[in-house]
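A short write-up of the structure that comes next.
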Amino acid sequence: MLYQFHELNKNFINPLVQLAEASAKLFSNPVSPLAHTPFAQRLAAGYELMYRLGKAYQKPEFGIESVPVEGTQVGIVEEIIAEKPFCGLLHFKKDLSGAERAKLNQPKLLVVAPLSGHHATLLRDTVRALLEQNDVYITDWANARMVPVEAGPFHLHDYVYYVQDFIRLLGPDVHLLSVCQPTVPVLAAVSLMASENDPKLPRSMTMMGGPIDTRKSPTKVNDLATTKPISWFENNVVYGVPPNYPGHGRKVYPGFLQHAGFVAMNPNRHAQSHWDYYMHLRQGDNESAESIRKFYDEYNAVLDMPAEYYLETIQTVFQEHHLPKGTWEIGGKLVRPQDIKTVALLTVEGELDDISGPGQTQAAHELCCNIPKEKQEDFVAPGVGHYGIFAGSRWREMICPMVSKFIRKHA
């Protein structure tokens, strides 16, 4: 009933949210007489903050219109080249002729986005930087509440199969980059392909800030997953999708609960950010306010995860550690990273990562023990937290150039 109550509450406050939005404009728009009254700026800032605290956040756009390539701005066209019930494969196609694209000869790179709350657009900065030297594709995961029950369930092993299908579609010359949660299913996908001597094995795998072995440097996220039995998660965070969505009846881990968990990890920081936002608006510092607004447009947009996938991830990855223990079976076949011999491996970690602790991603090297040493690299970004691994100035200036160099080295 919690999901239904949430929807009821959202509908109840919606008129107040709309009123707050309209009031903010009335007290800030120069053509409005109210904008020139005493305390207008403070009132506008208060109403704007109220509006943003109460509004429903939709999936953002990637909004990557062009990128610099060899000193020239090149247009980007988004196209879905494959679509499955729970995921679309999105290509950021450079607006060039076939001859120009062939002349560039950029490596084909599949970015596997997390299915852990936020939309794939969380990796906007990741994609934008990679596009300068790579031909980029990304997994664009669907909001489970929008997927009809008739499409069937989505399990952790389905994630693995999706990744394999996309690798095979893009061909044997593709490179992989996974951020956080997908490092585990990506390693499983490649391991199974290697065990079968699949001719379309990727050229390289770049794994960034992922929970390969959460027994190393456990964080608060890991502690939460291990201090509760799986039945607790099933009884406390899994709910049915209400009737007003196409996925009515599907069991999910709702986005609004995930968002509450994200905020609860750093409540003081988020409270301070919203206070700063209010003060920036009061002072007319629109540039600083816009920076906070953009961050929360992304941060507050969360999707529902299929319940079976979420529960299996908790159990397999965080509680029972099947991958590092060598006990994970998918479709009756054991996941054997030691069977990978020709795929180059780069792991990237943040020194200050409080979500996937240092050492958790590096564990991939121990598991992939038969990859030649010259095909293995590891990098720990000094002074960088989890999000700094794939977004922000240090990602753009330090990590991304290294990743692109590694990809070209093993192309």
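What are the residues in the stretch 132-155 that are touching a residue at least 24 places away in the same chain (Cβ under 8 Å), part of a helix (DSSP H, G or I) and surrounded by fewer than 23 Cβ atoms within 10 Å (Cβ to Cβ), if any? Once the filter is applied, which keeps residues that are touching a residue at least 24 places away in the same chain (Cβ under 8 Å), part of a helix (DSSP H, G or I) and surrounded by fewer than 23 Cβ atoms within 10 Å (Cβ to Cβ), the stretch 132-155 yields Arg145, Met146, Val149, Ala151. Taken over the stretch 215-232, the criterion of being among the polar types (S, T, N, Q) and either surrounded by 14 or more Cβ atoms within 10 Å (Cβ to Cβ) or in contact (Cβ under 8 Å) with a residue 24 or more places away in the chain (or both) is satisfied by Ser217, Thr219, Asn222, Thr226.
From the residues in the stretch 51-67 that are small (Gly, Ala, Ser) and loosely packed, with under 15 Cβ neighbours inside 10 Å, which one is nearest to Arg124 (Cα to Cα)? Among them, the one singled out is Gly63. For the residues Ala129, Ala120, the requirement of being of a type in the set (Gly, Ala, Ser), surrounded by 21 or more Cβ atoms within 10 Å (Cβ to Cβ) and touching an Asp or Glu at 6+ places or on another chain (Cβ under 7 Å) singles out Ala120. Under the condition of being hydrophobic (A, V, I, L, M, F, W, C) and touching a residue at least 60 places away in the same chain (Cβ under 8 Å), which residue from the stretch 10-69 is farthest from Leu257 (Cα to Cα)? Across the stretch 10-69, the extreme among qualifying residues is Val69.
The residue that is farthest from Met265 (Cα to Cα), counting only those in the stretch 324-377 that are in contact with a strand residue (DSSP E or B) (Cβ under 7 Å, 6 or more places away or on another chain) and of a type in the set (S, T, N, Q), is Gln376. For the residues Phe86, Phe92, the requirement of being outside the structural domain of Ala24 (by TED's automatic domain parsing), within 30 Å of Asn9 (Cβ to Cβ), surrounded by 15 or more Cβ atoms within 10 Å (Cβ to Cβ) and at pLDDT 95 or above singles out Phe86. Taking the stretch 72-111 as the region of interest, how many residues are more than 21 Å from Tyr253 (Cα to Cα), assigned to a strand (DSSP E or B) and in contact with a strand residue (DSSP E or B) (Cβ under 7 Å, 6 or more places away or on another chain)? Selection size over the stretch 72-111: 20. For Ala260, the conditions (1) more than 22 Å from Val147 (Cα to Cα); (2) aliphatic (A, V, I, L, M); (3) surrounded by 17 or more Cβ atoms within 10 Å (Cβ to Cβ) all hold with the exception of (3).
Would you confirm, using the coordinates I've provided, whether Leu16 is surrounded by fewer than 14 Cβ atoms within 10 Å (Cβ to Cβ) and either more than 26 Å from Arg128 (Cβ to Cβ) or not assigned by TED's automatic domain parsing to the domain that holds Leu169 (or both)? Criteria met by Leu16.
The values are calculated or read from the model by the stated rules, or taken from the named source; none is laboratory data. Owing to the predicted nature of the structure, the values given are computational and were not obtained by experimental measurement. Positions of Cβ are generated from backbone atoms using ideal geometry, with glycine treated the same way; all protein chains shown enter the neighbour counts.
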